[in-house]
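S.K.: The structure under discussion is supplied below as C-alpha cells; questions concerning it will follow.
Any read-out appearing in this document is the output of simple, stated calculations on the displayed coordinates, not a laboratory observation. This structure is a prediction, so every number in the text was calculated from the model and none was measured. Cβ atoms come from the backbone with ideal geometry, glycine included; neighbour counts cover every protein chain shown.
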Amino acid sequence: MDPEQIKKMVEEDYQKKLELARTEESYYPGKLQEFGLKNIDRFVKYNPNPSNYMKFGITFGHKDLEVVAEAMANNEPWAVVSGLNPSSPLHLGHKAVFDELLWFQEQGGADIFIPITNDETYVVGKSESLANARKMAYENIIPSIIAMGFNPEKTHIYVDSDYTEIYNVAMDISRKLTLNKLFGVFGWDHKEPTENPGKVFYMGAVQLAQILLPQYPEFGGPKPTIIPVGIDQHPYILLARDIAEKKGFIPPAEVNWKFLAGLDGKGKMSSSRDGSAIFLTDTPEIAEKKLKKAYTGGSISGDYQKEHGGIPEICPVYGIRMYHFEKDKNLESACKTGKLLCGACKQEAITQVKDWLADHQRKLPDAKKRIDDFLLKTPIRSIFE
C-alpha cells in the first residue's frame, strides 16, 4: 500500500469516527427535546455538591428534580428507586448507576429501594428458571451492591419472587391500568399476540409497584421519589406518574444518564454481547485482556492522532475512566489535543480497573455475610384496609 493510500485510509477512518461522535452527541439533546425533559445544568449550578456524573454531563436530563431538591434542602423524606434484572453479574455500566445512587443517599440520607427483578429475567427469557435468576441475585448481585458502601438502615433490597408483597401492591395498582395504556407505552400490537400474560403483568403492574412502593403508608406515605433511568425508559416514568396521580401519590421524578459504551464499540455496555462488558466478578487479569482488545476513539495512525486528536465521545476506554475514576476534565483535553494516545490511555485504564476490581472483590466475602441486613421484609397491609 503506497503512502497516499495509507493517508486516505487514515483520514477516512477518522472521519467515520467523527460522524459517529456527532450522531452520539446529538442523540441525547434530541431526546430531551422529544420528551420535554430538562437538562441538568441548573441543578448543577445551584447545588453546592453535584455528583461527578452531573458535572461531567453523564447524568444529563431530568423531570421534576426540583421537587426532590426541595425535599433535600428541607430535610424532608424522599426516596430513590432503581432496580435491575439478575441475568448476569453486575458490570461497570451498572456500577455507574449505583455510584449515582450512593451520591443521592449521601444528600440527606435518601431511602434507596432496589428491586432485583428475577421474575422479569425469567418471564422475558433471560434465564431458564426463576431459581437460576434468584441464585444470581444472592450470590453475585446483592453482595456487589453491598460492597459499594450503602447504608443498611437506608437501603432496602428485595428479590421479587421472595418479597411477594410486591405482587399485592401490583394487584392494587392494576386497578388503575388499562391494556390500551400498556400496549401504547410498550409499543405492543393488539393484532400480534406475541406477548405472554406474565410479561404484560410484570412490565405493567409489577414494575409500577416497584416505582410507587416507597409512597405506601408502610414507608411513610406520599413523598418525592426519583427514578434514575436511561432515556429510553422515559415512557415507563410517564405511566408511573399517571398512576401516582390516580393513587393520590406524588408523581415520581426522573434523572437520565448516558449509557456507558461497550468495549466492542457496538452500543452500550451489555451483558448480552460477548466482549462488551467488564463484569465486577471478572478477575483483574481478565479485565486487562478485555481492555487491551477494546475499541477506541483514536486514529489508526499515532502521528495523525497527535496532530488531530482523539475522539473521546465514542471511546469506551475513555468512558470507563471518566465514569469511574477521573475527578476533572483534564483527560478529555489530553485526548482531544492529541497529547494522550490510546496505548497510554489504555494502560492507565487497565491499572485503574484492576485496582478497583481487586479492592471490590476483597469486600465481597464480608458483604455476603450482611445480606440479611439489607433485605426488605416489611409487610404491606394498608391495601387490605
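S.K.: Whole Å is fine, so just give me how far the alpha carbon centre of the stretch 206-247 lies from that of the stretch 269-346.
M.R.: 36 Å
S.K.: Evaluate the distance, in nm, between pseudo-label points positioned 7 Å from the Cα of Glu348 and of Asp13 along their respective Cα→Cβ axes.
M.R.: Placing both labels 7 Å along Cα→Cβ, they lie 2.2 nm apart.
S.K.: I need the calculated FRET efficiency for the pair Ala131 and Glu34, taking r as the beta carbon distance and R₀ as 51 Å, to the nearest 0.05.
M.R.: E between Ala131 and Glu34, to the nearest 0.05, is 0.80.
S.K.: Please report the spacing between the Cα centers of the stretch 111-164 and the stretch 348-371 in Å, no decimals.
M.R.: Using only Cα atoms, the two centres lie 19 Å from each other.
S.K.: Calculate how steeply helix 92-106 sits against the longest principal axis of the alpha-carbon atoms of the chain, using the helix alpha-carbon long axis, and give the answer as 0 to 90 degrees to the nearest 10.
M.R.: That works out to roughly 60 degrees.
S.K.: Can you compute the equivalent ellipsoid semi-axes for the chain, i.e. the square root of 5 times each eigenvalue of the Cα gyration tensor, sorted largest first and rounded to whole Å?
M.R.: 38, 23, 22
S.K.: How much space per residue, in cubic angstrom, does the convex hull of the C-alpha atoms of the stretch 94-135 take up?
M.R.: Enclosed volume per residue, from the Cα hull, is 81 Å³.
S.K.: If you don't mind, there's one more thing I want to ask. Taking the Cβ of each residue in Phe35, Phe249, Phe60 as the centre, tally the other Cβ atoms inside 10 Å and list the residues starting with the fewest.
M.R.: Going from sparsest to densest Cβ surroundings: Phe35, Phe249, Phe60.
S.K.: Stick to the Cα atoms of the stretch 37-261, pair each with every other, and give me the Kirkwood hydrodynamic radius in Å at one decimal.
M.R.: About 18.0 Å, per the Kirkwood formula over Cα pairs.
S.K.: Same structure again: Counting only C-alpha contacts under 8 Å and six or more residues apart, can you give the relative contact order of the chain as a whole percent?
M.R.: 20 percent
S.K.: Taking the number of other C-beta atoms within 10 Å as the exposure measure, put Asp303, Asp64 in order starting with the fewest.
M.R.: Details: Asp303 11, Asp64 20.
If I rank by nearby Cβ atoms, fewest first, I get Asp303, Asp64.
S.K.: Quick one: angle between helix 165-174 and the longest Cα principal axis of the chain, in degrees between 0 and 90, rounded to 10, please.
M.R.: The angle comes out at about 80 degrees.
S.K.: Which percent of Cα pairs goes in each bin when the distances of the stretch 265-380 are cut into 10 angstrom slices starting at zero?
M.R.: All Cα pairs considered, the percentages come to 13, 37, 28, 13, 7, 2, 0.
S.K.: Right, here's the next one. Going 7 Å from the Cα of Tyr27 in the Cα-to-Cβ direction, what parts of the stretch 242-259 have a backbone nitrogen less than 19 Å from that spot?
M.R.: Inside the label zone: 255-259.
S.K.: Further, regarding this structure: Compute the signed sum of charges (Lys and Arg +1, Asp and Glu -1) over the other residues within less than 10 Å, Cβ to Cβ, of Ser161.
M.R.: Net charge around Ser161: -2.
S.K.: Now for a separate question. When Ser299, Ser88 are ordered from fewest to most other Cβ atoms inside 10 Å of their Cβ, what list results?
M.R.: Details: Ser299 23, Ser88 19.
Least crowded to most crowded, the residues run Ser88, Ser299.
S.K.: Once the Cα atoms of helix 342-369 and of the chain are each reduced to a long axis, what angle between those two axes, in degrees from 0 to 90 to the nearest 10, is obtained?
M.R.: In the chain, helix 342-369 runs at an angle near 30 degrees to the longest axis.
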